[in-house]
1. When you check residue 82 against the structure, is it closer than 30 Å to residue 201 by Cα, out of contact with any Cys (no Cβ under 9 Å at 6 or more places or on another chain) and either open to solvent by less than 30 Å² (accessible area, probe 1.4 Å) or at pLDDT below 95 (or both), yes or no?
2. Scan the range 49-66 residue by residue and report those that are surrounded by 15 or more Cβ atoms within 10 Å (Cβ to Cβ) and part of a helix (DSSP H, G or I).
3. Can you find a residue in the range 170-179 that is open to solvent by 30 Å² or more (accessible area, probe 1.4 Å), more than 16 Å from residue 102 (Cα to Cα), among the acidic types (Asp, Glu) and out of contact with any Gly (no Cβ under 8 Å at 6 or more places or on another chain)?
4. Against the condition surrounded by 20 or more Cβ atoms within 10 Å (Cβ to Cβ) and modelled with pLDDT of 90 or more, how does residue 118 come out, does it pass?
5. Take the conditions at pLDDT 95 or above and either surrounded by 10 or more Cβ atoms within 10 Å (Cβ to Cβ) or under 22 Å from residue 116 (Cα atoms) (or both) and apply them to residue 35. Does it pass?
6. Looking at the range 191-206, is at least one residue touching a residue at least 60 places away in the same chain (Cβ under 8 Å) and farther than 19 Å from residue 92 by Cβ?
7. Those residues that are of a type outside the set (A, V, I, L, M, F, W, C) and more than 13 Å from residue 124 (Cα to Cα), I need them from the range 168-194; list them, please.
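The values are calculated or read from the model by the stated rules, or taken from the named source; none is laboratory data. Note that the coordinates shown come from a computational prediction; the quantities given were computed from them, not determined experimentally. Note: ideal-geometry Cβ built from the backbone for every residue, glycine included; neighbour counts use all protein chains shown. Accessible surface is based on the protein model in full, side chains and every heavy atom, while ligands, DNA and RNA are left aside. Shrake-Rupley method; radii C 1.70, N 1.55, O 1.52, S 1.80 Å.
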Amino acid sequence: MYVKMMCVTPQPSFERRTQAQRRESTRAALLAAGRKLFAKVGYDDVAAEEIVSAAGVSRGALYHHFDGKAGLFEAVFIEIEGELVQEFPLEDFLAGNPFAALRSGVGRFLELSLQAEVQRIALIDAPAVLGWKRWHEIEAQHGLGLIQAGLDAAVEAGQLKPLPTADLANAILGALIESALSVARADDRKAAQQRAEQVLVAMLDGLAT
């Protein structure tokens, strides 16, 4: 009996791991398919059937993991926001010269915003699809929060005028998004990017002590 128990005991644990792997694989497939389609044609022009077909899963899987297309879009947006934040290490803002990090971050953001998925999903569709309140909540945890952290550090270091950093971060994020969209629509994107960076950096410099 002891030998029999030793043979069957590991099986439930193995099955649980297998089920977890299948769930994660399905979720990852939906995220990848949704991200590609949302970036290519935009949220409104993507049907749920296209997503599940591209992911190779059932429609039920989409609703099980994300409660539908809107939930999947939010998850894709959060994924992109997380990747964008990784491009701007928090240590650069909190140590050394936070104001210089803010200035250099402007150009990097404009470069990243030219990527199709960042432009379409994060800048154009996200505020409309998610609504301002939910979009702002996600931004507060990612890009907007990072900007405010940099501003707080710059104020603390005496490099920036002691303005309300939460409001200032909102204003800077808005300027960044509008500038990025303008660059994306320009015939000469490189020249437009240089002009936008010059203006945005000048705005930041005007806030310096």
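1. Details: closer than 30 Å to residue 201 by Cα: yes; out of contact with any Cys (no Cβ under 9 Å at 6 or more places or on another chain): yes; either open to solvent by less than 30 Å² (accessible area, probe 1.4 Å) or at pLDDT below 95 (or both): yes.
When the stated conditions are applied, residue 82 passes them.
2. Filtering the range 49-66 down to residues surrounded by 15 or more Cβ atoms within 10 Å (Cβ to Cβ) leaves 50-52, 54-55, 57, 61-63, 65-66.
If the condition is that a residue be surrounded by 15 or more Cβ atoms within 10 Å (Cβ to Cβ) and part of a helix (DSSP H, G or I), then 50, 51, 52, 54, 55, 61, 62, 63, 65, 66 are the ones that fit.
3. Yes; the residues of the range 170-179 include at least one that is open to solvent by 30 Å² or more (accessible area, probe 1.4 Å), more than 16 Å from residue 102 (Cα to Cα), among the acidic types (Asp, Glu) and out of contact with any Gly (no Cβ under 8 Å at 6 or more places or on another chain).
4. yes
5. yes
6. Yes, the conditions are met somewhere in the range 191-206.
7. Taking the range 168-194 as the starting set, the residues that turn out to be of a type outside the set (A, V, I, L, M, F, W, C) are 170, 174, 178-179, 182, 185, 187-190, 193-194.
Within the range 168-194, 170, 187, 188, 189, 190, 193, 194 qualify.
Residue by residue, here is whether (1) part of a loop (DSSP other than H, G, I, E, B); (2) touching a helix residue (DSSP H, G or I) at 6+ places or on another chain (Cβ under 9 Å); (3) modelled with pLDDT of 95 or more; (4) more than 20 Å from residue 87 (Cα to Cα) holds:
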| site | (1), (2), (3), (4) |
| --- | --- |
| 139 | no, yes, no, no |
| 149 | no, yes, no, no |
| 153 | no, yes, no, no |
| 174 | no, no, no, no |
| 177 | no, yes, no, no |
| 180 | no, yes, no, no |
| 187 | yes, no, no, yes |
| 198 | no, no, yes, yes |
| 201 | no, yes, yes, no |
